[in-house]
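In what follows, a single structure is set out as structure tokens and then discussed.
The values are calculated or read from the model by the stated rules, or taken from the named source; none is laboratory data. Note that this is a predicted model, so its numbers are computed, not measured. Cβ placement follows ideal geometry from the backbone for every residue including glycine, while neighbour counts extend to all protein chains displayed. Note: accessible area is taken over every heavy atom of the protein model, side chains too, but ligands, DNA and RNA are not part of it. Shrake-Rupley method; radii C 1.70, N 1.55, O 1.52, S 1.80 Å.
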Amino acid sequence: MQQDQTLSLLSADTVSSNARRNDEEAGEEEEHPTEPLSIIRMLALNMHAFNYGLFYASVGVLLLPEEALHMFEQNHAVFLAVMLVLAGVSQLVSPAAGYWSDRCTAAMGRRMPFVLLGNLVLFICLGLMYLARTYLYGYLYLFLLFIAIVALNIAYTGFTGLVSDVVPADQMGFASGIMGTLTALGAVVGLLALGFWVELDMAYAIYAVAVLVTTPFTWVAAQEQRLDPDDCKPYNRGEILASYWISPTSHGDFFWVFVSRTFYYMGVSIQIYILYYLRDTMEDKAIADNAQTYTAILCIISQSASGLVSSVAGGVSDSLGRKPLIYLSCTIMALVYIGYCFIHSYTWVVALGLCYGASNGVYLAVDYALAVECLPRKDEHAKDLALWGIAAFLGTMFGPCVTGPMLSIVGGQGTSHYAFRGYVAIMGCGVVYSFFCGYFIHKVKKGEPAHEKVALDPDASSPDEVESEREQIAS
């Protein structure tokens, strides 16, 4: 009975959406901002990306591996995977948060209430996580980590919807590049701070300060207008459930962007084992014994390269196209993981890390812009971009589900150290993930170079066709 009611709601929504679409598309260009944003406002608007990069780069590479070892010494590889799985599962809140954001009529706008609420909860959880790790409450720490990342995901859902609302279409590539640059800059600051300036247990204070500092910049730059309650679509439980569904039929090109992004972040998840890789495989004992410090150095170099490349690649993609740059990124990442299988020298690790950072910078610069370009429903930015966000977390969740046990099984030696063959196995997974990222992006019709777009079939991803197919499925 529940399934029949849900399908009925989906079908009713599909029929009504066909009737509304012409009016929505006719007014879309008027509703979307056309006045270009200044560089200063663009930077301020994207300051949340700095906070996001600061948190995720250092948490995954430095903090969680050490906290897993600190609280679960005998099974730290498995519990590191558990932590990342929790991070992935927490992303499931995003489509619901995006759905509510698209219909929010708060005085401060549709997006900022979610940014502010998420950051407030994150701020509180950071203090509690510090207490839990101090007193070795490992399982409580896992719970708090989950709540903290749920809050971060709610804030990020509001942020991605905000950028797509405020930035004009012809500046989206540039905005995506700035977003990638600030993400990388936040990562560098976090890695420098945790790797060299402060003790690891001070990470929670650094994250909290970053939330307090960056949030006002985004708020002031947003200049959001309240959504007129008369223009607000009604809330519908069936629509909320449907917001978790994605397929080629319902989302067109956006579906292939989603799948490709999932595989990309499965490849990125290999990087969480770099600390263990340096500890167990380096010929220089000084490097192996100080793996945390040298991991921080490597990540700083890599993220610096990422930020520099991203600042240029975003604008280049506006003329060259998004897809060619993603192909380049996937190719370089695959070659980097192949290289890791043949070296035992930190010099070569740094060289490969530099290449990896450059490839990641290319991807970050065009990833968001391509997603916005392929949005199936321009009037529901936050809900669909939440699905785009889920792709990254699914990648970081599914990746360790494979590589964590693989490292333990293939490289296990009965100690806390792993054999080189285990790292070869997980690097091979990284190559496979990179290949499938490029393969699925090939199915996207949009994102081609400007001179090739005219050759595309204009009906390939027709909104009316998509809606018609959705209606058939719902029926």
In degrees between 0 and 90, to the nearest 10, how far off the longest principal axis of the chain does helix 47-58 point, with axes built from Cα atoms? 30 degrees
Karplus 3J(HN,Hα) series, Hz, for segment 354-361 with 6.51 cos²θ - 1.76 cosθ + 1.60 (x for Gly, Pro): 5, 5, 4, x, 4, 5, 5, x
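With all protein chains present, how much of the accessible area of the chain (probe radius 1.4 Å) comes from carbon and sulfur, to the nearest whole percent?
Ligands and nucleic acids excluded, carbon and sulfur give 66 percent.
Only Cα pairs under 8 Å and at least 6 apart count here; give the relative contact order of the chain as a rounded whole percent. Walk me through the intermediate numbers first.
Working: 782 pairs, mean separation 126.2, N = 475.
Normalised by residue count, the contact order of the chain is 27 percent.
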Principal semi-axes in Å for segment 146-242 [√(5λ), Cα gyration tensor, largest first]: 31, 19, 13
If you roll a 1.4 Å probe over the heavy atoms of the protein chains, what accessible area per residue do you get for the chain, in Å²? 41 Å²
Given a 1.4 Å probe and the protein chains all in place, what does the accessible area of Arg226 round to, in Å² to the nearest 10? 140 Å²
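Can you list which of the chymotrypsin sites (Phe, Trp or Tyr not before Pro) found in segment 309-378 are DSSP loop residues with at most 16 other C-beta atoms within 10 Å?
Phe342
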Any idea what angle helix 323-340 forms with the longest principal axis of the chain, computed on alpha-carbon atoms, 0 to 90 degrees, nearest 10? 20 degrees
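How large, in Å, is segment 35-148 by the Kirkwood hydrodynamic radius built from its alpha-carbon pairs?
Numbers: mean 1/r = 0.0619 Å⁻¹.
Its Kirkwood hydrodynamic radius stands at 16.1 Å.
Mind running the shape call on segment 201-268? Use the C-alpha gyration tensor, a ≥ b ≥ c as the square roots of the eigenvalues: rounded below 1.5 for a/c, prolate if a/b tops b/c, oblate otherwise.
Taking the square roots of the gyration eigenvalues as a ≥ b ≥ c, segment 201-268 is oblate.
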Which is farthest toward the positive dipole end of segment 234-294 among Phe263, Ser243, Ala291, measuring Cα position about the Cα centre, with Cβ charges +1 (Lys, Arg) and -1 (Asp, Glu)? Ser243
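How big is the equivalent ellipsoid of segment 263-347 along its three axes, where each semi-axis is √(5λ) from the Cα gyration tensor, reported in whole Å from largest to smallest? Write down the numbers at each step before the final one.
On the way: eigenvalues 172, 40, 21 Å².
Square roots of five times the eigenvalues give 29, 14, 10 Å.
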Accessible area of Lys443 in the full protein assembly, 1.4 Å probe (Å², nearest 10): 70 Å²
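Say R0 is 45 Å: what FRET efficiency, to the nearest 0.05, do Leu140 and Glu35 get from their beta-carbon distance?
0.35
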Beyond 18 Å, what share of the Cα-Cα pairs of segment 369-442 remains, rounded to the nearest whole percent? 55 percent
Which entries in the list Lys323/Lys445; Lys323/Lys443; Lys383/Lys443 go over 21 Å, if you measure between the two C-alpha atoms of each? Lys383/Lys443
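Quick one: compute a quarter of the convex hull surface over the Cα atoms of the chain and quote it in nm².
On the way: hull surface 88.1 nm².
The number I arrive at for the chain is 22.0 nm².
Expressed as a whole percent, how much of the Cα-Cα distance distribution for segment 249-293 exceeds 14 Å? Before the final figure, lay out each step's value.
Details: 612 of 990 pairs.
That fraction is 62 percent.
Shape verdict for segment 160-300, please, from the Cα gyration tensor: rounded (a/c under 1.5), prolate (a/b greater than b/c) or oblate.
Details: a/c = 2.59, a/b = 1.69, b/c = 1.53.
In terms of gyration-tensor shape, prolate.
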The alpha-carbon pair-distance distribution computed for segment 340-398, with 10 angstrom bins and whole-percent values, is 19, 33, 27, 15, 6, 0
Could you work out how far helix 291-320 tilts from the main Cα principal axis of the chain, as a 0 to 90 degree angle to the nearest 10? 30 degrees
